[in-house]
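Enquirer: Supplied in structure tokens, the structure appears directly below.
Every number here is computed from the coordinates shown, using simple stated rules; none is lab data. Since this is a predicted model, take the numbers as computed values, not measurements.
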Amino acid sequence: TTNFGTMNDGWAGRRVTLKFTDALTIGDGGASLKIAGNFVTSADDTISFIHDGTAWFETSRSAN
């Protein structure tokens, strides 16, 4: 349940999907995390990212 707006430790081509158990807010992290607007989660929501060697880019989200 900790809000965040940055992610570290990526490399070009790395993909991650986050699945949430509770509510929190993911915010656009400027240089390190590029998303299509803030994402306020609830249980079972997911968001996926790909890294381009410099930053994480959102590829999809599912609000359930």
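Enquirer: Tell me the label only: which of [x] 30, 18, 18; [y] 34, 21, 17; [z] 38, 25, 17 is Cα extents along the principal axes in Å as calculated from this structure?
Expert: Step by step, Cα extents along the principal axes in Å for this structure corresponds to label [x].
Enquirer: Here's a follow-up. Using θ = phi - 60° and the Karplus relation 6.51 cos²θ - 1.76 cosθ + 1.60, list the HN-Hα couplings for the range 18-25 in order, rounded to whole Hz, with x at every Gly or Pro.
Expert: 9, 10, 9, 9, 7, 7, 7, 10
Enquirer: Apply the Karplus parameterisation 6.51 cos²θ - 1.76 cosθ + 1.60, with θ equal to phi minus 60°, to every residue of the range 43-51 and state each ³J(HN,Hα) to the nearest whole Hz, in sequence, with x for glycine and proline.
Expert: Working through the residues one at a time gives 4, 6, 6, 9, 9, 10, 9, 10, 9 Hz.
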